[in-house]
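The values are calculated or read from the model by the stated rules, or taken from the named source; none is laboratory data. Just so it is clear, the model here is predicted, and its values are computed rather than measured. Note that we place each Cβ from the backbone using ideal geometry, even for glycine, and neighbour counts take in every protein chain shown.
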Amino acid sequence: MSRHVLFLADAFSSNYLSKDKTPFLYDCIGKGVYTEKIIPGVGFCERSEIFTGISSTKSGYLTAIGFSPKKSPYRNMGMMLKVISFVDTIFSFLPIVRKVMRRILSYYIYRTEHPLNPYQIPFKLLKYFSLTEDYEDITKFNALGANSVFDEAVRNSKRIYHDSFTGLNKKNNGSDEDRLQMVLDESSGEYSLYLIYISTMDTIGHIYGPDSLETDEALAALDNTLMNFVDRFEKIHPDSTYIFLGDHGMVKVDNHIDINAIIKKMEYDLQLKLGLDYIYFLDSTMFRLWFFNDNVEVKIKSYLSDISELAEKGIFHNNELEFNLNKDTGDTIWYANSGVLINPDFFHLPNHVSLGMHGYLDCDKSGSYGMYIKFGNTVTLGTHKERHLHDIYHDILDAVS
Ligand SMILES: [Zn+2]
């Protein structure tokens, strides 16, 4: 049987590929199909795009966490959250307490069926949110509400190995090396497709930025690791097909916005109560709001539209964007311009600063794009200037057809 291996290289930018830094991957270009630029979808739900072929703006899977009070794993934990929140407030001068509280919550919540890591989401807001594309195990039939690669595999009696993949609802499965080793250990199994999540470039890119020495070093190491893996896999299964996908790039952060400060002032000026009048969510690149009545909506929208910093550093959702928002995503969204970071956000501690980011509305800055190489002895040669991330679906579908 023919075997495909998909390396989902999170945040492997189109700018990273070069003869000097990534000699192995650079060489692979000449052995198959190469797409110079992968145009990412808006937001952070790359996996649903890849596995269903539907863009994020069409599917509604825009952000990893969405508004869904009925599905939130915290919906019945009011008392526990109140106690934790109380302890957190009293010991706010001791960061270790906050860390321990969140650790306890995280430990508890991962024992539930549809977990959501609490990250740095304010305790009183947790009950409104659940995961979106990762609410269900994406490998389950119809998990994403559309035909997926996993559904197709079931229909065609093909097996997909995915223990070496990723999901926000899954427990940590180790490092890139661990996941590659898992595939080698399972290589005798009758799998048509192996999914491997490669996290290195995302992790390093966020911390040090895309143009850093650390990123160059990580690239060289990853290139070498991949070469060794392919070498070993080929010895077991000659003439396999390998898909190396950078799902998006990494943009250098060159500006920040403290949305929290804006919100605090707004609540004071408009006499708003969080949780009674409205709620919000802070992604690294999006400020999302939900309004609990029309009057509040008008007041908040008008107030925020007068804030010059918001106008300078991003845009609010509007009719020109050619896609509609659903309630899960937000009643409205402010999108940061490429390179602007919402800091702090709900995923990082207040003193954390990322030097690289992705998930922007526009791909107008260098580094926004991902890349794609499909290589192997049986792959026909070809080059595309650019393709959308969701177009890769058809290539992956081939692996289970
Ligand atoms: Zn990332």
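Quick notes on this one:
- Of all residues in the stretch 16-26 being away from the ligand (no atom under 16 Å from the Cβ) and within 17 Å of Asp247 (Cα to Cα), the one that is nearest to the chain's Cα centre (by Cα): Leu17
- Some residue of the stretch 263-276 being more than 16 Å from the ligand (Cβ to nearest atom) and within 30 Å of Ile38 (Cβ to Cβ): no
- Residues within the stretch 46-58 that are assigned to a helix (DSSP H, G or I) and buried (at least 21 other Cβ atoms within 10 Å of the Cβ), tallied: 8
- Of all residues in the stretch 161-184 being over 23 Å from Gly249 (Cα atoms) and at pLDDT 95 or above, the one that is nearest to the ligand (Cβ to nearest atom): Asp178
- Breaking point among (1) in the same structural domain as His162 (by TED's automatic domain parsing); (2) away from the ligand (no atom under 16 Å from the Cβ); (3) within 25 Å of Glu133 (Cα to Cα), for Leu321: (1)
- Selection count, the stretch 62-99, where residues are part of a loop (DSSP other than H, G, I, E, B) and within 16 Å of the ligand (Cβ to nearest atom): 3
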